[in-house]
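To start, the structure under review is shown below, and the notes come after it.
The values are calculated or read from the model by the stated rules, or taken from the named source; none is laboratory data. Fair warning: this is a prediction, and the values are worked out from it, not measured in the lab. Neighbour counts run over all protein chains shown; Cβ positions are idealised from the backbone, glycine included. Side chains are part of the model used for accessible areas, which takes the heavy atoms of the whole protein and leaves out ligands, DNA and RNA. Shrake-Rupley method; radii C 1.70, N 1.55, O 1.52, S 1.80 Å.
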Amino acid sequence: MINYENERGRMVDEQIAGRGVKDERVLAAMRKVPRHEFLPEALRTVAYGDHALPIGEGQTISQPYMVALMTELLELTGRERVLEIGTGSGYQSAVLAQLCEKVYTVERVKSLAALARTVLDKLGYRNVAIKTFDGTYGWSEMAPFDAIMVTAGAPDIPKPLVDQLKPGGRMVIPVGERFSQTLLKVVKTPEGTVTEKSIPCVFVPLVGAHGWKE
Ligand code: SAH
(Lines give C-alpha, C1' and ligand atoms only; values in the text may rest on other atoms or scores of the structure.)
Protein backbone atom coordinates (compact mmCIF):
# COMPACT_ATOMS: atom_id res chain seq x y z
CA MET A 1 0.00 0.00 0.00
CA ILE A 2 1.31 3.42 -0.94
CA ASN A 3 1.14 6.10 1.72
CA TYR A 4 -0.11 8.92 -0.47
CA GLU A 5 0.23 11.53 2.27
CA ASN A 6 3.93 10.78 2.62
CA GLU A 7 4.34 10.91 -1.14
CA ARG A 8 2.68 14.33 -1.20
CA GLY A 9 4.89 15.62 1.58
CA ARG A 10 7.95 14.55 -0.35
CA MET A 11 6.58 16.03 -3.57
CA VAL A 12 6.17 19.41 -1.85
CA ASP A 13 9.56 19.37 -0.15
CA GLU A 14 11.59 18.23 -3.13
CA GLN A 15 9.78 19.46 -6.23
CA ILE A 16 7.97 22.56 -5.03
CA ALA A 17 9.51 24.21 -1.93
CA GLY A 18 12.86 22.83 -3.11
CA ARG A 19 12.51 24.83 -6.35
CA GLY A 20 11.61 28.09 -4.70
CA VAL A 21 7.84 28.22 -4.22
CA LYS A 22 7.46 30.05 -0.88
CA ASP A 23 3.79 30.90 -0.37
CA GLU A 24 2.89 28.85 2.73
CA ARG A 25 -0.78 28.67 1.79
CA VAL A 26 0.11 27.21 -1.61
CA LEU A 27 2.47 24.68 -0.02
CA ALA A 28 -0.25 23.66 2.45
CA ALA A 29 -2.81 23.23 -0.35
CA MET A 30 -0.39 21.08 -2.35
CA ARG A 31 0.17 18.94 0.77
CA LYS A 32 -3.55 18.50 1.18
CA VAL A 33 -5.18 17.90 -2.23
CA PRO A 34 -5.11 14.17 -3.13
CA ARG A 35 -3.65 14.39 -6.66
CA HIS A 36 -3.94 10.62 -7.17
CA GLU A 37 -7.75 10.84 -6.96
CA PHE A 38 -7.77 12.93 -10.14
CA LEU A 39 -5.96 10.29 -12.18
CA PRO A 40 -7.01 7.09 -13.93
CA GLU A 41 -6.51 4.05 -11.62
CA ALA A 42 -3.53 2.76 -13.57
CA LEU A 43 -1.53 5.97 -13.00
CA ARG A 44 -2.16 6.51 -9.31
CA THR A 45 1.08 4.94 -8.16
CA VAL A 46 3.03 7.58 -10.13
CA ALA A 47 0.71 10.47 -9.23
CA TYR A 48 3.33 12.28 -7.15
CA GLY A 49 6.18 12.06 -9.65
CA ASP A 50 7.85 15.15 -11.09
CA HIS A 51 5.94 15.20 -14.38
CA ALA A 52 2.68 15.80 -16.21
CA LEU A 53 0.48 12.73 -16.83
CA PRO A 54 -2.19 11.78 -19.40
CA ILE A 55 -5.83 12.09 -18.29
CA GLY A 56 -7.57 10.93 -21.50
CA GLU A 57 -8.89 12.78 -24.58
CA GLY A 58 -5.27 13.64 -25.45
CA GLN A 59 -5.08 15.97 -22.44
CA THR A 60 -2.76 16.11 -19.42
CA ILE A 61 -2.67 16.98 -15.73
CA SER A 62 0.17 19.48 -15.24
CA GLN A 63 3.40 18.74 -13.38
CA PRO A 64 3.00 19.45 -9.62
CA TYR A 65 5.62 22.22 -9.69
CA MET A 66 3.80 23.99 -12.53
CA VAL A 67 0.50 23.81 -10.62
CA ALA A 68 2.15 25.31 -7.53
CA LEU A 69 4.07 28.01 -9.39
CA MET A 70 1.04 29.18 -11.38
CA THR A 71 -1.03 29.22 -8.20
CA GLU A 72 1.59 31.24 -6.32
CA LEU A 73 1.71 33.82 -9.11
CA LEU A 74 -2.01 34.58 -8.56
CA GLU A 75 -1.25 35.85 -5.00
CA LEU A 76 -4.49 34.54 -3.49
CA THR A 77 -5.53 35.52 0.04
CA GLY A 78 -8.76 33.54 0.41
CA ARG A 79 -11.37 36.09 -0.65
CA GLU A 80 -11.03 35.94 -4.44
CA ARG A 81 -13.28 34.76 -7.24
CA VAL A 82 -11.02 32.92 -9.66
CA LEU A 83 -11.58 31.86 -13.28
CA GLU A 84 -9.71 28.82 -14.57
CA ILE A 85 -9.67 27.90 -18.27
CA GLY A 86 -8.99 24.19 -18.89
CA THR A 87 -10.54 22.15 -16.05
CA GLY A 88 -9.00 18.89 -17.30
CA SER A 89 -8.87 16.49 -14.35
CA GLY A 90 -10.07 19.13 -11.88
CA TYR A 91 -6.85 18.90 -9.83
CA GLN A 92 -5.79 22.51 -10.34
CA SER A 93 -9.37 23.59 -9.59
CA ALA A 94 -9.18 21.77 -6.24
CA VAL A 95 -5.88 23.47 -5.37
CA LEU A 96 -7.42 26.86 -6.19
CA ALA A 97 -10.57 25.97 -4.24
CA GLN A 98 -8.45 25.63 -1.06
CA LEU A 99 -7.05 29.12 -1.54
CA CYS A 100 -9.90 31.39 -2.66
CA GLU A 101 -13.61 31.90 -2.17
CA LYS A 102 -14.96 30.49 -5.41
CA VAL A 103 -13.52 28.86 -8.53
CA TYR A 104 -15.22 29.14 -11.93
CA THR A 105 -13.67 26.66 -14.31
CA VAL A 106 -14.34 26.14 -18.02
CA GLU A 107 -13.54 22.99 -20.03
CA ARG A 108 -14.26 22.41 -23.71
CA VAL A 109 -14.28 18.59 -23.56
CA LYS A 110 -17.57 17.47 -22.05
CA SER A 111 -16.39 14.06 -20.77
CA LEU A 112 -13.47 15.64 -18.87
CA ALA A 113 -15.73 18.25 -17.28
CA ALA A 114 -18.14 15.50 -16.19
CA LEU A 115 -15.37 13.40 -14.65
CA ALA A 116 -13.86 16.41 -12.87
CA ARG A 117 -17.29 17.21 -11.42
CA THR A 118 -17.63 13.67 -10.06
CA VAL A 119 -14.21 13.71 -8.39
CA LEU A 120 -14.63 17.21 -6.93
CA ASP A 121 -18.05 16.26 -5.53
CA LYS A 122 -16.70 13.04 -4.05
CA LEU A 123 -13.91 14.97 -2.31
CA GLY A 124 -16.37 17.60 -1.03
CA TYR A 125 -15.21 20.67 -2.96
CA ARG A 126 -18.35 22.80 -2.92
CA ASN A 127 -16.90 26.09 -4.15
CA VAL A 128 -16.12 25.01 -7.73
CA ALA A 129 -18.50 25.76 -10.62
CA ILE A 130 -17.77 24.01 -13.94
CA LYS A 131 -19.03 24.94 -17.39
CA THR A 132 -18.48 23.12 -20.70
CA PHE A 133 -17.70 25.85 -23.21
CA ASP A 134 -14.95 27.53 -25.23
CA GLY A 135 -13.05 29.19 -22.39
CA THR A 136 -11.27 31.63 -24.71
CA TYR A 137 -14.49 33.65 -24.31
CA GLY A 138 -14.09 33.53 -20.53
CA TRP A 139 -17.26 33.27 -18.42
CA SER A 140 -18.88 36.66 -18.93
CA GLU A 141 -21.97 36.06 -16.75
CA MET A 142 -19.71 35.56 -13.72
CA ALA A 143 -17.16 38.31 -14.49
CA PRO A 144 -15.24 40.23 -13.26
CA PHE A 145 -12.65 37.99 -11.62
CA ASP A 146 -9.85 38.78 -9.15
CA ALA A 147 -7.59 36.26 -10.83
CA ILE A 148 -7.54 34.11 -13.97
CA MET A 149 -5.48 30.98 -14.68
CA VAL A 150 -5.24 29.48 -18.16
CA THR A 151 -3.92 25.90 -18.13
CA ALA A 152 -3.56 25.42 -21.90
CA GLY A 153 -1.08 27.10 -24.24
CA ALA A 154 -2.34 30.13 -26.18
CA PRO A 155 -1.03 31.86 -29.33
CA ASP A 156 -1.84 35.23 -27.71
CA ILE A 157 -3.59 36.53 -24.61
CA PRO A 158 -7.33 36.22 -25.37
CA LYS A 159 -8.88 39.68 -25.13
CA PRO A 160 -12.13 38.54 -23.43
CA LEU A 161 -10.04 37.28 -20.51
CA VAL A 162 -8.32 40.65 -20.02
CA ASP A 163 -11.74 42.32 -20.19
CA GLN A 164 -13.08 39.99 -17.48
CA LEU A 165 -10.22 40.69 -15.06
CA LYS A 166 -10.75 43.28 -12.28
CA PRO A 167 -8.39 46.25 -12.08
CA GLY A 168 -5.46 45.03 -9.96
CA GLY A 169 -6.28 41.46 -11.00
CA ARG A 170 -3.66 38.87 -12.00
CA MET A 171 -3.73 36.37 -14.87
CA VAL A 172 -1.26 33.54 -15.53
CA ILE A 173 -1.20 32.07 -19.01
CA PRO A 174 1.26 30.10 -21.15
CA VAL A 175 1.72 31.96 -24.46
CA GLY A 176 3.84 31.01 -27.46
CA GLU A 177 4.00 28.26 -30.08
CA ARG A 178 1.66 25.32 -30.34
CA PHE A 179 4.03 22.96 -28.50
CA SER A 180 6.20 25.30 -26.38
CA GLN A 181 5.34 28.44 -24.51
CA THR A 182 6.48 30.97 -21.91
CA LEU A 183 4.46 31.33 -18.73
CA LEU A 184 3.26 34.95 -18.47
CA LYS A 185 1.90 36.87 -15.52
CA VAL A 186 -0.37 39.68 -16.64
CA VAL A 187 -1.43 42.36 -14.15
CA LYS A 188 -4.30 44.66 -15.05
CA THR A 189 -3.72 48.27 -14.03
CA PRO A 190 -5.86 51.37 -14.62
CA GLU A 191 -3.46 52.28 -17.46
CA GLY A 192 -3.51 48.90 -19.19
CA THR A 193 -1.75 45.59 -18.60
CA VAL A 194 1.77 44.88 -17.35
CA THR A 195 3.21 41.55 -18.49
CA GLU A 196 6.08 39.70 -16.82
CA LYS A 197 7.73 36.55 -18.15
CA SER A 198 8.08 33.58 -15.82
CA ILE A 199 9.52 30.25 -17.06
CA PRO A 200 9.43 28.23 -20.32
CA CYS A 201 6.71 25.58 -20.32
CA VAL A 202 4.84 23.01 -22.45
CA PHE A 203 1.05 22.87 -22.33
CA VAL A 204 -1.55 21.27 -24.57
CA PRO A 205 -3.03 23.82 -26.99
CA LEU A 206 -5.82 26.21 -26.01
CA VAL A 207 -8.28 25.49 -28.82
CA GLY A 208 -10.98 28.03 -29.52
CA ALA A 209 -12.17 31.26 -31.08
CA HIS A 210 -9.43 33.30 -29.35
CA GLY A 211 -6.94 30.44 -29.30
CA TRP A 212 -5.60 27.84 -31.77
CA LYS A 213 -7.78 26.44 -34.52
CA GLU A 214 -8.85 22.79 -33.99
N1 SAH B 1 -5.89 22.23 -15.12
C2 SAH B 1 -5.89 20.89 -15.63
C3 SAH B 1 -4.92 20.75 -16.80
C4 SAH B 1 -5.69 20.44 -18.01
S5 SAH B 1 -4.85 20.37 -19.55
C6 SAH B 1 -5.64 19.86 -14.56
O7 SAH B 1 -5.32 20.24 -13.42
O8 SAH B 1 -5.80 18.67 -14.82
C9 SAH B 1 -5.67 21.64 -20.42
C10 SAH B 1 -7.15 21.50 -20.61
O11 SAH B 1 -7.61 22.62 -21.34
C12 SAH B 1 -7.60 20.27 -21.39
O13 SAH B 1 -8.48 19.52 -20.63
C14 SAH B 1 -8.28 20.87 -22.64
O15 SAH B 1 -9.40 20.12 -23.07
C16 SAH B 1 -8.70 22.22 -22.13
N17 SAH B 1 -8.94 23.25 -23.15
C18 SAH B 1 -8.26 23.49 -24.30
N19 SAH B 1 -8.79 24.52 -24.96
C20 SAH B 1 -9.84 24.98 -24.19
C21 SAH B 1 -10.80 26.02 -24.32
N22 SAH B 1 -10.82 26.87 -25.36
N23 SAH B 1 -11.73 26.17 -23.34
C24 SAH B 1 -11.75 25.35 -22.27
N25 SAH B 1 -10.88 24.35 -22.10
C26 SAH B 1 -9.93 24.15 -23.04
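Which value in deg cm²/dmol, rounded to the nearest 500, describes the helix-derived mean residue ellipticity at 222 nm for the chain, given -39,500 (n - 2.57) per DSSP H run of n ≥ 4 and division by the residue count?
Working: 6 runs with 53 residues, N = 214.
For the chain, the value works out to -7000 deg cm²/dmol.
Both radii were evaluated on the Cα set of the stretch 61-128; the Rg over Rh quotient, with Rh as the Kirkwood radius, amounts to 0.94.
Remark: the stretch 174-182, residue by residue, has Karplus-estimated 3J(HN,Hα) of x, 10, x, 7, 4, 10, 7, 9, 10 Hz, where x stands for each Gly or Pro and the curve is 6.51 cos²θ - 1.76 cosθ + 1.60 at θ = phi - 60°. Each Lys and Arg adds +1 at its Cβ and each Asp and Glu adds -1 at its Cβ; summed about the Cα centre, the stretch 1-88 shows a dipole of about 160 debye.
Remark: the stretch 1-71 carries 49 Å² of accessible area per residue (probe radius 1.4 Å; ligands, DNA and RNA excluded). By the rule of a C-alpha distance below 12 Å, with chain neighbours fewer than 8 residues away ignored, the aspartates and glutamates paired with Lys122 are Glu37. The amide H of Trp212, built 1.01 Å from its N in the peptide plane, has Leu206, Val207 as neighbours under 5 Å, considering only residues 5 or more places off or on other chains. Amide H contacts under 5 Å for Ile61: Leu53, Ile55, restricted to partners 5 or more places along the chain or on a different chain, H placed in the peptide plane at 1.01 Å from N. Charge tally for Ala209 (other residues, Cβ to Cβ under 13 Å; Lys, Arg +1; Asp, Glu -1): 0.
Across all directions, the shadow cast by the convex hull of the chain built on its C-alpha atoms averages 10.8 square nanometres. Converting phi to 3J(HN,Hα) with the Karplus coefficients 6.51, -1.76 and 1.60 and the offset θ = phi - 60°, the stretch 44-55 yields 5, 5, 10, 4, 9, x, 8, 7, 6, 9, x, 10 Hz in sequence order, with x at every glycine or proline. Per-residue 3J(HN,Hα) values for the stretch 201-210, derived from phi via the Karplus relation 6.51 cos²θ - 1.76 cosθ + 1.60 with θ = phi - 60°, read 7, 10, 10, 5, x, 7, 9, x, 4, 10 Hz in sequence order (x marks Gly and Pro).
Determine one quarter of the surface area of the Cα convex hull of the stretch 98-214, which equals its mean projected area, and express it in nm² to one decimal. Don't jump to the answer; show the numbers that get you there.
Values: hull surface 30.0 nm².
Its Cα hull, projected and averaged over all orientations, spans 7.5 nm².
Residues considered: Thr136, Thr182, Thr87. Largest GNM mean-square fluctuation over the chain, using C-alpha springs under 10 Å, is found at Thr182.
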